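As structure tokens, the structure follows; a few thoughts come after it.
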Amino acid sequence: MVDHNFIFASLDGKAPNTARKVHIRRLYDIFQVCIQRRDYARARRAWAILARCKEFDWMSMWTTGLLLVGGGPGEEVSSEKLEFLRAMMLQNTGEKAAILQELVFSLIQRGEHREAMSELELYLPAFPYQDNPIMHTYAGLLSLYLAQPPPDSDNTTFDKIRLRDAQSHFEQAKRLDPENVVIQAFLEKIPQLRSRTQTQSSHHTMLDSEDDMEGTDDSKNDTMDDDNERSTGRDDEDDVLSTPRGKRTRIGV
């Protein structure tokens with residue numbers, strides 16, 4: 001029996017005993033070398049062949065497939081990468097939590113924070129996601145980010161409902177991972193944001209009340225001026241009517 005030498009370890013830990021398996025191992029070596037050399041175009045061609053082989057469990061290597069679909073590290077997250085992750089969520093039932101985590105992170109990288117939050121709200125109530133502290137941390141951070149006022153708005157208050165949701169997710173993550181100091185830091189920050197929001201809301205309410213009072217005073221002053229003008233007009237008419245006709249004629253002359 002010929003002793004074959006391979007660069008990378010076998011996927012199943014067994015030496016190939018047929019010509020077909022030897023060819024697959026050679027192709028797998030080429031595939032890994034192309035990735036190491038960042039030759040992603042050739043790596044994709046090798047991947048396309050390996051994925052058709054029944055001996056190659058490509059679903060267990062979904063992270064490698066994600067690398068090839070995404071165009072390599074450092075590249076912008078493409079829509080094809082998101083579609084690949086969503087397809088893996090439906091097919092790879094054994095690693096759904098890890099795939100969802102990667103999907104949420106990719107959406108955040110693209111700036112689609114509301115979409116990332118929607119994905120978490122869809123899956124978090126179900127098992128096993130509800131017991132994942134990383135998922136709850138992501139949900140808390142996204143809720144806190146979405147609670148911020150728009151950057152182009154004069155409003156500087158945080159959304160109270162989003163702050164409450166953020167605190168709830170951070171508390172759940174803290175319960176699942178008590179040693180996480182990052183979660184604790186955000187939990188201590190939320191009451192400060194809520195207090196500042198309440199102070200600013202009270203200040204805006206006082207300003208609005210003052211504006212309403214000023215507007216009411218102006219309306220009253222306008223009403224009083226109108227009443228005075230009508231009263232002056234009636235007095236002039238009364239003076240004319242009370243003047244004898246002859247005198248009125250002489251005054252006109």
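Laid out as a table, the results:
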read-out: Under the Karplus curve 6.51 cos²θ - 1.76 cosθ + 1.60, θ = phi - 60°, whole-Hz ³J(HN,Hα) for region 144-151, x wherever Gly or Pro sits; value: 5, 5, 6, 6, 5, x, x, x
read-out: Per-residue ³J(HN,Hα) for region 59-68, Karplus 6.51 cos²θ - 1.76 cosθ + 1.60, θ = phi - 60°, Hz, x for Gly and Pro; value: 5, 6, 10, 5, 5, 5, x, 5, 4, 6
read-out: Residue-wise HN-Hα coupling along region 153-162, computed from phi with Karplus coefficients 6.51, -1.76, 1.60 (Hz; x: Gly, Pro); value: 10, 6, 6, 10, 8, 8, 6, 5, 5, 5
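None of the figures in this text is laboratory data; all of them are computed from the coordinates on show. Given the structure is predicted, the values throughout are model-derived calculations rather than measurements.
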